Amino acid sequence: MSSRISGAPALTARDLAQVAVFAALIIALGLPGTITIGTSGVPITLQSLGVMVAGALLGARKGSLAVLTVIAVGMALPVLAGGRTTLTALASPTAGFLIGWIPTAALIGWLTVKALPRYNAIVGTLINLLGGIVVLYACGIAGMLLRTDLTLVAALSANVTFLPGDAIKAVVAAVVAAQVHRAYPALLTGRRAPAAPAADAA
């Protein structure tokens, strides 16, 4: 029996390199640290921006793998924003947000592929809002309810402060992805842009 998922092509060296690069990007976006607002214990970081970009540029599978790589590296090294490890994050109220990175990248990647070749900054922003706010916050708030004594209303209220910043991240990720997909239309689909018709011979 094949060890890889049926119907899923094997990852190439280029695919693995892309996964590694975007994992490094997500880690690098954690270097500025965190800002904690309020008493919820949920910090503002730039790493969720990297998760959105990874999904939008790598697709569901490679985007998710980039996130999983960060989580795996974080088991041994403090690669999460604020100098945290994966174990530290999983033991905190932010556990749901960290786990939520995986479906966030997967959904954004899947919807981005579906939107091509008509993907643009507006479509991308809507996709990123769905993945980076609706899905991510659903996972994060579920984690908060499990890790704290907050009620659902209190958990929702505690996260309202973060909405403007995450909305800006969704727009930035969409603008970046739109430019990249315009320049490299075959990045996710494998379909190359049609060649320009040759000029008629004189």
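Quick one: what are the phi-derived ³J(HN,Hα) couplings along segment 55-65, Karplus 6.51/-1.76/1.60 with θ = phi - 60°, whole Hz, x for glycine and proline?
x, 5, 9, 9, x, 5, 6, 6, x, 5, 5
Round to the nearest 0.05 the FRET efficiency obtained for V113 and L156 when R0 = 30 Å and r is the Cβ-Cβ distance.
FRET efficiency, V113 to L156: 0.45.
Net charge within 11 Å of N128 by Cβ-Cβ distance, Lys/Arg positive one each and Asp/Glu negative one each, not counting N128 itself?
0
Near the amide H of I44, under 5 Å away, which other amide H atoms are found, from residues 5 or more places off or on another chain, if H is placed in the peptide plane?
Placed amide hydrogens put I35, T36, I37 under 5 Å from I44.
Considering only protein heavy atoms, with the full assembly of protein chains and a 1.4 angstrom probe, order I99, I122 by accessible area, largest first.
From most accessible down to least: I122, I99.
Can you compute the modelled spin-label distance between V180 and A20, with each label point 7 Å from Cα toward Cβ, in nm?
Calculated label separation equals 1.7 nm.
Can you tell me the length gained on complete extension of the stretch L146 to A76, counting 0.36 nm per residue apart and subtracting the Cα distance?
Extra length available between L146 and A76 comes to 22.7 nm.
The values are calculated or read from the model by the stated rules, or taken from the named source; none is laboratory data. Predicted, not measured: the structure shown is a model, and the values here were computed from it. Glycine gets a Cβ as well: all are built from the backbone with ideal geometry, and neighbour counts include every protein chain shown. Please note that ligands, DNA and RNA were not included when accessible areas were found on the heavy atoms of the full protein model with its side chains. Shrake-Rupley method; radii C 1.70, N 1.55, O 1.52, S 1.80 Å.
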